[in-house]
Structure formats: structure tokens, C-alpha cells
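Asker: Have a look at this one before I ask anything.
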Amino acid sequence: MRNIFRKKALVIAASVTLLSLSASAAEVEVLHYWTSGGEARSVAELKKMLEAKGDKWKDFAVSGGGGENAMTVLKSRVVSGNPPTAAQIKGPSIQEWGAEGVLANVDDTAKAGKWDSLLPPVVANVMKYQGHYVAAPVNVHRVNWMWVNPEVFKKAGASVPKTWDEFDAAANKLEKAGFIAVAHGGQPWQDFTVFESIVLGVGGADFYKKAFVKLDQTALKSPTMEKAFKTLRMVRKHVDKGFAGRDWNLATQMVINGKAGMQFMGDWAKGEFTAANKKPGVDFLCVDAPGTANAFTFNIDSFVMFNLNTPDAKKGQADLASAIMSPAFQEVFNLNKGSIPARLDVKMDKFDDCAKKSAADFVATSKKGTLVPSIAHGMAVPAAIAGAMQDVVTEFFNSDMDSKAAVEKLALAAKSK
Ligand code: BGC
């Protein structure tokens with residue numbers, strides 16, 4: 001964030017905030033980037049719950065998967081002294097915003113709601129800045145999924161791959177039968193989403209942590225990372241010509257309507273399948289990305305509260321935070337969103353098998369040490385570093401760069417500030 005804000009802008013921001021807020025005090029303005037079919041259904045539940053508490057929801061939706069556009073808009077709003085009441089921000093970015101002194105804490109709500117005892121530490125820690133709750137978690141998404149259309153596989157006589165070699169073979173069969181093997185949207189965050197699953201599958205969880213959490217230069221330049229790039233090149237071969245710029249949910253539609261066989265995407269994709277009335281295990285399958293069966297890449301969505309010094313804003317933030325953490329919200333939101341509740345005590349009986357598997361794997365991998373943060377979804381390293389690394393992956397995806405050059409570039413990008 002230091003590279004985003006200038007001190008002067010912050011001073012202006014602080015003084016304008018007080019002036020501008022009294023006018024819109026009763027509203028709870030919530031910035032988010034949930035605009036696809038499944039996402040919109042999910043965020044509507046939050047709106048409903050907040051309005052039931054007598055507050056007025058002011059929708060601040062900025063479309064663009066992965067939230068890059070939303071973050072750009074948010075920064076300009078904060079710099080101009082007009083932050084929203086709450087914004088969808090996650091991972092290490094919460095610390096960066098905290099360091100700028102613009103966040104409000106919701107410790108009272110957290111204490112009253114016993115958040116410390118309800119949230120697993122891996123979730124609670126992300127929500128706190130210097131020991132204080134500044135954010136409320138809505139879910140846990142799993143990223144290392146592969147979404148499969150079983151009908152397409154059947155027609156092509158292919159079986160669902162468990163390794164990257166099997167994946168190549170299955171993709172060839174699908175293509176021979178006239179299908180697109182991989183539905184992909186060529187946007188940098190989507191390229192990076194595929195790549196992190198490949199790195200996890202090729203190198204395993206320990207390697208992933210060394211490379212993508214500790215940013216270990218040796219791991220980043222290793223033959224294992226080269227192999228991951230070679231695997232990405234192989235996957236690239238199985239993407240259709242129209243991939244450039246395609247939104248992730250349109251790629252999911254290709255699997256839903258049987259044009260394509262597979263998609264690598266986090267389980268927000270399941271929200272699209274279920275919004276289209278498709279049944280898991282019947283119309284679509286959720287399977288581990290090849291080689292990643294024993295690991296879990298987590299991506300936690302959360303709402304961060306901004307420092308607005310009016311009683312109405314404080315009430316709105318407390319209401320939003322307590323609504324988010326209520327078992328009823330955690331259940332209904334996640335049933336729609338494709339993710340699992342952030343609270344471990346929410347009953348899973350209404351959830352489908354994909355969510356049940358995710359919930360069980362979340363606990364099991366956390367015990368085994370194979371629960372890893374998603375780098376592509378802002379959970380592992382500061383945004384500036386993740387962004388530089390993401391650019392390398394996208395450049396590789398769209399050129400004939402060899403994997404040796406790619407690992408050198410990736411390692412260099414990991415040193416960016
Ligand atoms: C967010 C999800 C969202 C997805 C697509 C991810 O980074 O965590 O909530 O559905 O991007 O926009």
C-alpha cells in the first residue's frame with residue numbers, strides 16, 4: 001500500500017472523510033466485486049440480512065473477476081477522502097490497509113460474538129490488524145479444483161485425470177471427439193489461478209509454500225518450477241482460440257453447456273453451476289486439480305471496515321459484522337457462493353458433497369500442514385509482489401518464452417517491492 005498512497009493524499013483523505021460522511025450516515029455502503037450469477041445471488045443474502053437490521057444497503061459493485069478493478073476504484077475513493085463503509089478486501093492486503101491507519105476495528109462485535117473461539121486461527125489472524133479485528137470473514141473458498149462435465153468425458157471415452165500426464169491424455173481425447181478440453185479465460189488472475197494449482201500438483205505443498213509464501217529464490221528457480229511452467233505450456237495447448245479476455249463465468253458456462261470438458265477455478269465456479277440448476281455428481285463433478293488431492297489452497301473472502309467517525313457508520317459496521325458472522329448467513333451465503341462457512345461450527349447437512357469434501361479437507365490439510373494460501377487470490381504475499389509474479393505467468397502463457405527464462409523472471413518478480 002505504501003506504493004499506492006502518498007502521505008499528502010492521506011492527510012487530505014482524513015480531513016475530507018469527516019465532512020463528507022455526515023451526509024450519507026444512515027447508509028451502509030459496501031464495495032464488492034460479486035457480479036456473476038452465483039455471486040449476485042450470494043451478496044443479495046447479505047443485503048437482505050443487513051436490511052432486516054434496519055440499515056440501508058448502498059450497493060457499490062465493481063465488476064471484474066478476482067477484484068483487481070474493485071481495488072483500483074477503492075484506492076481512489078479512499079485517497080479522495082470518501083471510503084465506503086466496508087469493502088471486500090482479503091489476505092495480506094488487510095495488513096497493508098491497516099498500516100495506512102484507515103481501518104476501523106470491530107472488536108466489540110467480535111467479543112460479543114466470541115469470534116476468537118469460533119474462527120480457526122488461520123482465518124482469525126487474517127482478520128486482525130495488530131491484534132484487533134478490522135474485518136469479518138464470509139467464507140473459505142478452495143482454489144485447487146477442476147470442474148468436469150461428465151457427459152463430455154463419457155462421449156469422448158475419456159476418464160477424469162488424477163495426474164498431469166493423464167490430464168494431457170484425457171484432453172487429447174476430448175479434442176479428438178470435437179470438444180474444447182479446457183475452458184479458460186485469458187485474464188492474468190485466471191492464468192495465475194491455473195498456474196498455482198499446477199505448482200501445487202507438480203511440487204507438492206512444501207514446495208508451494210517455499211516458492212509462493214516464503215518466496216524462496218532457490219525454489220522459484222528450481223527444476224521443479226521449470227517443470228511447472230512446462231506443464232502450463234502443455235495445458236495452454238488445450239485451451240481454445242477464443243480464450244483471450246474471456247470472463248471466468250463465461251468459461252464456466254462452456255463446461256455447463258457441454259462445449260468444454262474442464263475448467264480450473266476456485267469453487268465460486270460451483271455457484272455458477274448451482275445457479276444454472278446443475279447437480280454436483282450428476283451434471284458436473286468437482287475433483288482435485290491433478291496431483292493436489294492431499295492439499296488445499298485457501299482463499300478467504302472478508303469485509304474490511306473503514307474508519308468513519310459517525311455513530312451511524314459504527315452501527316452499520318457492527319450490524320454488518322454481526323450479520324456476516326451469524327450462522328444463518330454463513331449457511332445461506334455459502335450455499336449460494338460455492339464456498340464453505342468460515343466458522344467451523346456451522347452444520348453442513350444442507351451442503352452438497354463438494355462443500356462437504358472441502359470442509360473435511362480444510363480440517364485434514366490444516367492438521368497435515370498442506371493447507372496453503374492462494375497466491376493468485378491475494379492470500380499469500382503482498383499485492384505488489386503477487387501482481388509482478390502474475391504478469392510473468394501471463395507473459396509466459398501468451399508467448400513462446402521457455403521455462404528456463406520464465407523461472408528467472410519469476411524469481412526476479414518475487415523480489416519486487
Ligand atoms: C474471490 C471470489 C470471487 C472470485 C471471482 C475471488 O478472488 O475470492 O469471491 O467470486 O474471485 O471474482
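The values are calculated or read from the model by the stated rules, or taken from the named source; none is laboratory data. What you see is a predicted model, and the numbers here were worked out from it, not measured in a lab. Please note: Cβ atoms are built from the backbone with ideal geometry, for glycine as well, and neighbour counts cover all protein chains shown. Side chains included, ligands, DNA and RNA excluded: accessible areas come from the protein's heavy atoms. Shrake-Rupley method; radii C 1.70, N 1.55, O 1.52, S 1.80 Å.
Asker: Obtain the nm distance between the two label points defined at Ala276 and Asp108 by a simple spin-label model: each point lies 7 Å from its Cα along the Cα-to-C-beta direction.
Answerer: The two pseudo-label positions are separated by 4.7 nm.
Asker: Return a whole-number percent for the relative contact order of the stretch 89-201, with Cα pairs under 8 Å and 6 or more residues apart as the contact set.
Answerer: 18 percent
Asker: So for the pair Leu344, Val73, with labels modelled 7 Å out along Cα→Cβ, what separation do we get in nm?
Answerer: Those two pseudo-labels are separated by 3.7 nm.
Asker: Between the stretch 306-374 and the stretch 170-229, what is the C-alpha centre distance in whole Å?
Answerer: Distance between centres, Cα-based: 27 Å.
Asker: Per the 1.4 Å probe, what fraction of the accessible area of the stretch 241-295, in percent, lies on carbon and sulfur atoms?
Answerer: 50 percent
Asker: Taking the Cα centre of each part, how many Å lie between the stretch 247-300 and the stretch 75-105?
Answerer: Comparing the Cα centres of the stretch 247-300 and the stretch 75-105, I get a distance of 31 Å.
Asker: Still on this structure, please answer the following. Suppose every Lys and Arg Cβ carries +1 and every Asp and Glu Cβ carries -1, with no other charges. What dipole size does the chain come out with about its Cα centre, to the nearest 20 debye?
Answerer: In debye, rounded to 20, the chain gives about 380.
Asker: OK, next. Per DSSP H run of at least 4 residues, take -39500 (n - 2.57); add these up for the chain, divide by its residues and hand me the 222 nm value, nearest 500 deg cm²/dmol.
Answerer: Values: 19 runs with 216 residues, N = 417.
Rounded to the nearest 500, it is -16000 deg cm²/dmol.
Asker: From the square roots a ≥ b ≥ c of the eigenvalues of the alpha-carbon gyration tensor of the stretch 136-217, which class results: rounded (a/c under 1.5), prolate (a/b over b/c), or oblate?
Answerer: Numbers: a/c = 2.32, a/b = 1.77, b/c = 1.31.
Prolate shape, in that a/c is at least 1.5 and a/b is the bigger ratio.
Asker: For a paramagnetic label modelled at 7 Å from the Cα of Ser326 toward its Cβ, which residues of the stretch 83-120 fall within the zone defined by backbone nitrogen distances under 16 Å?
Answerer: 109-110, 112-114
Asker: Something else now. Using only the alpha carbons, work out the radius of gyration and Dmax of the stretch 348-417 in angstrom.
Answerer: 16.9, 49
Asker: Taking the Cβ of Cys286 as the center, what net charge do the other residues with Cβ under 10 Å away carry, scoring Lys and Arg +1 and Asp and Glu -1?
Answerer: Here the charged neighbours net out to -1.
Asker: Here is a further query. How long is the stretch 75-198 along each principal axis, judged by its Cα atoms, biggest number first, in Å?
Answerer: Computed over the Cα atoms, the extents are 58, 37, 21 Å.
Asker: So, one more: Can you give the % of DSSP beta bridges in the chain that are antiparallel, to the nearest 5?
Answerer: Counting only bridges with both partners in the chain, antiparallel ones make up about 55 percent.
Asker: For the stretch 378-417, compute the orientation-averaged projected area of the C-alpha convex hull (one quarter of its surface), in nm².
Answerer: Mean projected area of the Cα convex hull: 2.7 nm².
Asker: How long are the three semi-axes of the equivalent ellipsoid of the stretch 291-398, in whole Å, if each is the root of 5 times an eigenvalue of the C-alpha gyration tensor, listed from largest down? Present the calculation step by step, with values, prior to reporting the outcome.
Answerer: Values: eigenvalues 159, 116, 27 Å².
Listed largest to smallest, the semi-axes of the stretch 291-398 are 28, 24, 12 Å.
Asker: Per-residue accessible area for Arg233 at 1.4 Å probe radius, Å² rounded to 10?
Answerer: Number for this one is 70 Å².
Asker: So with the 1.4 Å probe, I'd like the accessible area per residue for the stretch 101-247, rounded to whole Å². Don't jump to the answer; show the numbers that get you there.
Answerer: Values: 5980 Å² over 147 residues.
Here the residues of the stretch 101-247 average 41 Å² of exposed surface.
Asker: Can you sort His132, His238 by 1.4 Å-probe accessible area, starting with the largest?
Answerer: Ranked from most to least accessible, the order is His132, His238.
Asker: Can you give the convex hull volume per residue for the Cα atoms of the stretch 216-264, as a whole number of Å³?
Answerer: Details: hull volume 5.0 nm³, N = 49.
Considering the Cα atoms of the stretch 216-264, their hull volume per residue is 103 Å³.
Asker: Dividing the alpha-carbon radius of gyration of the chain by 2.2 N^0.38 Å (N being the number of residues), what value is obtained?
Answerer: So the Cα radius of gyration is 0.97 times the expected 2.2 N^0.38 Å.
Asker: Over the chain, calculate the relative contact order: mean separation of alpha carbon pairs under 8 Å at least 6 apart, over the residue count, as a percent.
Answerer: Once divided by the residue count of the chain, the mean separation gives 27 percent.
Asker: Per-residue accessible area for Met254 at 1.4 Å probe radius, Å² rounded to 10?
Answerer: Surface accessible to solvent at Met254 totals approximately 20 Å².
Asker: Follow-up. Beta carbons within 10 angstrom, averaged per residue: use that to sort the peptides 109-116, 185-192, highest first. Display every interim value, and only then the final one.
Answerer: Working: 109-116: 17.0, 185-192: 22.0.
Per-residue Cβ counts within 10 Å, averaged per peptide and sorted highest first, yield 185-192, 109-116.
Asker: If you don't mind, another one. For a protection proxy built on the mean count of beta-carbon atoms within 10 angstrom, sort 222-229, 208-215 highest first, please.
Answerer: 208-215, 222-229
Asker: How would Arg77, Arg236 rank on accessible area, largest to smallest, probe 1.4 Å?
Answerer: Arg236, Arg77
Asker: Grab the other residues whose beta carbon is less than 9 angstrom from that of Ala156, score K and R as +1, D and E as -1, and report the net.
Answerer: With Lys, Arg at +1 and Asp, Glu at -1, the net is +3.
Asker: Using a 1.4 angstrom probe with every protein chain in place, what is the largest-first accessible-area order of Met348, Met146?
Answerer: Met348, Met146
Asker: Follow-up. Suppose each label sits 7 Å from its Cα in the direction of the beta carbon; what would the Glu166-Asp216 distance come out to in nanometres?
Answerer: About 2.8 nm, to one decimal.
Asker: A further question on this structure: Taking amide H atoms as placed 1.01 Å from N in the peptide plane, list the residues 5 or more away in sequence, or in a different chain, whose amide H sits under 5 Å from that of Leu103.
Answerer: Excluding prolines and chain starts, which carry no amide H, the hits are Asn307.
Asker: Of all accessible surface on the stretch 46-105 at a 1.4 Å probe, what whole percent is carbon and sulfur?
Answerer: Values: 1160 of 2370 Å².
Its accessible area is 49 percent carbon and sulfur atoms.
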